[in-house]
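Student: Submitted below is the structure of interest, expressed as structure tokens.
Computed from the coordinates by the stated procedures, all read-outs in this text should not be read as laboratory data. This is a predicted model, so every value here is computed, not measured. Don't worry about glycine lacking a Cβ; one is built from the backbone with ideal geometry, like all the others, and counts go over all protein chains shown.
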């Protein structure tokens, strides 16, 4: 008599939602009971958050996996640093950009993006767009990547500046980077003469 | 940029190709000294040698293997991309307008012999330094040269020896002397009485500071059968030639035998028997090579040239290098071209499975010269050109 009175839709919805309901039941019971230590960490999928404090007072909360892209921070976590991490050498504006890079480049599980050709190309395109910033920002990123020890970002930023220098004449490079020409005409000629015996595409 | 610490400037500049260094050094004194330092060179080499696994990725991006080629009296740094394939010059040397007829590479230095009036020259392209080497008396037309170094103190030396019968002077010249780069002086070695011969067109291969040649036992003129052939090494440490080293084949005068360096650690030898139609080209790579011992690996590559295009690499040519991962060899050759008697320099890319690609490297106008390829590993060995003559 009890079953006859329940409309079909309730039975259907119960059947439909039951796997999730069961999962929730199990999770909740495991959480409260915690029969196996650490099991709660596995069933609850959100990872630990790390707080980073910048030199200008700004604060950022990011996933641990993202923070670990920085070898400096990873080492600090390994050696037991639990609270917010102070980064005196990085401003908020730069750190925001650095975090953007780390988020895109974090490898959760499975093969690294670099092994899959298509994924690698997509990543390269993202990198090219990411690095389209002004000169001052790139230099701040280079310093930050070096301080935080983020290999990929250091490589990307340095290569970008190098590519910029590559196809310019010395005079153009001096103007762009504000470098003074400290050669006398004789010294300049001597350097040019040395170049005669170096592999140069212009010879 | 000037706000960046020196270490960061090095990081940026080390990502520039070797061919941009000239312009970088002309920019300001600081960059000139940064790019000549030992730590910079190390960083640069790390960048370049970023793992063989990434080599294919690099080749897809158009970054190829770097080798040095001597084509038509000009030395160029070439980028070889085996995927497309393409061989492009990425940098030449002005060389003060001098033509080069022979070139040897050792430890980032090159020993060159000029065309025309024979002069000897040692230079380091990475630093852009060069030194002309004056002969003790004069250079002989049958001279053979080599560049090497003493391992212990890394003292670089140039070997000059001659072991030939000169028909005009009607006597045999047999001399051996060694030039030391730091003392800028020649030293004659007296007890040089070799019982072997090296054909004039055979080029020495510099490896780990010593030089290896393909040689034959001395025999009566005209006798070609049963003449022993072997590898012989000049040890720059003891300043003597070593014992006869066995080869994985037996060649005769007239066969094509050339040597090449593999990873600057082992020797690769190419062998093609003389004969028409052109026979198989075989290449072996050594597993151990020292002045007094050699062991050979199994056959690296064997290509029957007959069905392909019946090419016999002239014994004067056949300069080559191998790519171990791709299992190919790149061999330089002078082909008959049109209109006769013009010849073309061609690079043959061959593999055991019948793979064959040709890359044209331009016309050859100087009939005396053969195209040469050698490896190049930059180093910061200084060559002071300001030493006074003795």
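Student: For B:125-133, what's the mean count of beta carbons from other chains sitting within 10 Å of each residue's beta carbon?
Tutor: That average works out to 3.
Student: Moving to a separate point now. Considering only C-alpha atoms, what is the centroid distance from the stretch B:102-160 to the stretch A:152-203, in Å?
Tutor: 29 Å
Student: Further, regarding this structure: Over the Cα atoms of the stretch B:102-203, each weighted equally, I'd like the Debye log10 I(q)/I(0) at q = 0.25 Å⁻¹, rounded to two decimals.
Tutor: Debye output, listed in q order: -1.60.
Student: May I ask you to list the residues of the stretch B:275-306 whose amide nitrogen lies under 14 Å from a point 7 Å from Cα along the Cα→beta-carbon direction of residue B:351?
Tutor: Answer for the stretch B:275-306: B:301-303.
Student: Points 7 angstrom from Cα along the Cβ direction at residue A:82 and residue B:170: gap in nanometres?
Tutor: Using points 7 Å along Cα→Cβ, the separation is 10.2 nm.
Student: With springs only between Cα atoms under 10 Å, which of B:41, B:111, B:372 fluctuates most in a Gaussian network model of chain B?
Tutor: Among B:41, B:111, B:372, the largest mean-square fluctuation in the Gaussian network model of chain B belongs to B:41.
Student: Can you give me the Kirkwood hydrodynamic radius for chain B, using every pair of distinct Cα atoms, in Å to one decimal?
Tutor: 22.2 Å is the Kirkwood radius here.
Student: Same structure again: Can you give the mean number of other chain Cβ atoms that lie within 10 Å of the Cβ atoms in peptide A:173-182?
Tutor: 4
Student: Pulled fully out, how much extra length does the chain show between residue B:358 and residue B:384, if you take 0.36 nm times their separation in residues and subtract their Cα-Cα distance?
Tutor: Using 0.36 nm per residue and subtracting the Cα-Cα distance, I get 5.2 nm.
Student: Quick one: A:200, B:323, fewest Cβ neighbours within 10 Å first, how do they rank?
Tutor: B:323, A:200
Student: Could you work out [θ]222 nm for chain B from helices alone, using -39500 (n - 2.57) per DSSP H run of at least four and dividing by all its residues? Round to the nearest 500 deg cm²/dmol.
Tutor: Value at 222 nm, helices only, nearest 500: -2500 deg cm²/dmol.
Student: Calculate the FRET efficiency for residue A:122 and residue B:264 from the Cβ-Cβ distance with a Förster distance of 35 Å, rounded to the nearest 0.05.
Tutor: The computed FRET efficiency comes out at 0.40.
Student: If you take the beta carbon distance between residue A:136 and residue B:88 as r and set R0 to 30 Å, what does 1/(1 + (r/R0)^6) give as a FRET efficiency, to the nearest 0.05?
Tutor: 0.25
Student: Gap in Å between the Cα centre of the stretch B:1-47 and the Cα centre of the stretch B:188-204?
Tutor: The distance from the Cα centre of the stretch B:188-204 to that of the stretch B:1-47 comes to 43 Å.
Student: Turning to a different aspect of this structure: Taking only the alpha carbons of the stretch A:49-181, what extent do you get along each of the three principal axes, in Å, biggest first?
Tutor: 50, 39, 21
Student: Using a Gaussian network model on chain B with a 10 Å cutoff between Cα atoms, which of B:158, B:188, B:303 fluctuates the most?
Tutor: B:188
Student: Between B:362, B:37, B:222, where does the largest GNM mean-square fluctuation fall for chain B, given springs only between Cα atoms within less than 10 Å?
Tutor: Ranking B:362, B:37, B:222 by mean-square fluctuation puts B:222 first.
Student: So, one more: Which order results if A:76, B:78 are arranged by neighbouring Cβ count within 10 Å, fewest first?
Tutor: A:76, B:78
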